[in-house]
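Report on the structure given below.
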Amino acid sequence: CVDLDGTLVKSDTLLDGLCVLARSRPGRLALLPFWLARGKASLKREITARAPLDAAHLPYNEALVVYLREQAASGRRLYLSTGADHALADKVAKHLGIFEEVFASDGSTNLTGARKLRLLETRFGPGGFAYVGNSRADLPLLQASAGAMLANPVAGLRSALRHKQIPVQNVCLDRASIAASLWRALRVHQWAKNVLIFLPLLLAHAVGIGTLLQSLIAFISFSLVASGTYIVNDLLDISSDRVHATKRRRPFAAGNLSALFGAGMAVVLLAGGVLLALPLASRFMVWLLTYFCVTLAYSLYCKRIVIVDVIILSALYTLRILAGAAAASVPISDWMAGFAIFFFFSLALVKRFSELENLRARGTAPSNGRGYLVHDMEQLRAFGTASAFASIVVFTLYINNPEVRNLYHHPQRLWLLTPVLIWWLSRIWLRASRGQMNEDPVVFALTDPASLLAGIAIFLIALFSSI
């Protein structure tokens, strides 16, 4: 007899269903108290009916699946015994094709703990079954079984079994390091985007200990909030990520981190970012909360609207610049804001174009609900390259702005930046067209030696223009 949640499947399917419900029908979350009032079995039935999970792409404990297939091949009878709703359990059993029968919650009876033990003892007799579990709730079943087996056991379960002198016949482990999974969930490499917060300070030539400290606090605050929104996005996308070639390895989609843990971590990160921002100018707090609200709207709905999604992505980059200006209390040129809009709109389109190019190369159709088709690639390339060169035009107009002469001793030297920008943007789009670029242009820029050299060249030219 094999448990499902946390055992056969590395995640909790009830929490997974809640994430899918929050993504597909967020208004139905208001009904949760009414469903729960009728009992947990009713709650499971309602969530399973309104937010069905794809059994073929659940994060199975592969070590356990291999062991169970071996046992089935040897003639041993296998039963799926779970507190999950019968509709989901049946789909899992049908997908794996190794279980003779399914015991599960039926909308009125929540088949967990003592209820599950009574059913198994009625069916097979006391000690007439072996049991595979993972949590302390499984302890009575493991104790009453003829053979206790574990799969990804929670902390302390093994010692509890040893204390009760219950031998463990087999342990099937399939999980990544919690520290490594948490690091991936936070997406620390994406914090590089928040370096834009320092840009207004540098462009205004107002670098000082005080302003630098303010910008550093703003950077950390923004990074914490950004990581919180990344976790929220991953939780909402948990179902679609599981059918994606690479995103299925994300910690929540892969079942290496609990959705409940992720929700708690998101709250802590968001609260920490807001608290850290309290000493800064009130305008920074406005931009920080705007970033959070826009990102949440993007995750919940806007990412599925063609073109609107990339406009929002580009606006989030520009918003970081505005937040940096507010934190350091320095002005920002309208020309530079215009440059940022076109520049980052082009990079956002590179991201979508690269996703489609990778799908085209694999011969698969888009399945992430974004609304883009492989046939849209040429149009996206036209939009993206036009926006890239529009940003360069805006930058050249900025060079001729009278206020530039107040910041640079030799503003005409800034023209040297133009060929660097033309080369880098053209190279980005050329590599994307060849399918040679990561889907995230920021990750690409941070790992591409030529892009790093371009960044150094830009810094040296700006310094050369100032002296």
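The values are calculated or read from the model by the stated rules, or taken from the named source; none is laboratory data. Everything numeric in this text was worked out from a predicted model, so none of it was measured. Every residue, glycine among them, receives a Cβ derived from its backbone with ideal geometry; neighbour counts consider all protein chains shown. To get the accessible areas, we keep the full protein, side chains included, count just its heavy atoms, and leave off ligands, DNA and RNA. Shrake-Rupley method; radii C 1.70, N 1.55, O 1.52, S 1.80 Å.
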Q) Given ALA348, ALA382, ALA337, which one is modelled with pLDDT of 90 or more, at negative phi and surrounded by fewer than 18 Cβ atoms within 10 Å (Cβ to Cβ)? A) ALA382
(Q) Given (1) closer than 18 Å to PHE343 by Cα; (2) of a type in the set (D, E, K, R); (3) open to solvent by less than 30 Å² (accessible area, probe 1.4 Å), identify the lone condition not met by ARG427. (A) (3)
Q.
When the residues of the stretch 19-39 are narrowed to those that are among the basic types (Lys, Arg) and surrounded by fewer than 15 Cβ atoms within 10 Å (Cβ to Cβ), which ends up farthest from SER105 (Cα to Cα)?
A. ARG25
Q. Looking only at the stretch 239-271, which residues are charged (D, E, K, R) and modelled with pLDDT of 90 or more?
A. ASP241, ARG242, ARG248, ARG249, ARG250
**Q.** Counted residues, the stretch 205-250 - those being closer than 24 Å to SER24 by Cα and either aromatic (Phe, Trp, Tyr) or open to solvent by 10 Å² or more (accessible area, probe 1.4 Å) (or both)
**A.** 17
Q: Search the stretch 5-16 for residues that are part of a loop (DSSP other than H, G, I, E, B) and pair each with any residue that is open to solvent by less than 30 Å² (accessible area, probe 1.4 Å) and of a type in the set (Val, Ile, Thr) when their beta-carbon atoms are under 6 Å apart and the residues are at least 6 apart or on different chains.
A: THR7/VAL132; LEU8/VAL2
(Q) Being farther than 24 Å from ASN256 by Cα and open to solvent by less than 40 Å² (accessible area, probe 1.4 Å) is the requirement here; does VAL102 meet it? (A) yes
Q: Would you check if there is a residue in the stretch 64-75 being within 24 Å of LEU300 (Cα to Cα), open to solvent by 50 Å² or more (accessible area, probe 1.4 Å), in a helix (DSSP H, G or I) and aliphatic (A, V, I, L, M)?
A: no
Q: Quick one: count up the residues across the stretch 228-255 that are within 19 Å of TYR298 (Cα to Cα), under 9 Å from the mean Cα position of the chain (by Cα) and either aliphatic (A, V, I, L, M) or assigned to a helix (DSSP H, G or I) (or both).
A: 11
Q: Spot the failing condition for ALA388; the list is (1) over 22 Å from GLY228 (Cβ atoms); (2) in contact (Cβ under 8 Å) with a residue 60 or more places away in the chain; (3) in a helix (DSSP H, G or I); (4) open to solvent by less than 50 Å² (accessible area, probe 1.4 Å), and only one is missed.
A: (2)
Q: Considering only residues that are without any contact (Cβ under 8 Å) to a residue 60 or more places away in the chain and not β-branched (Val, Ile, Thr), look in the stretch 299-308 and name the one that is least open to solvent (accessible area, probe 1.4 Å).
A: CYS302
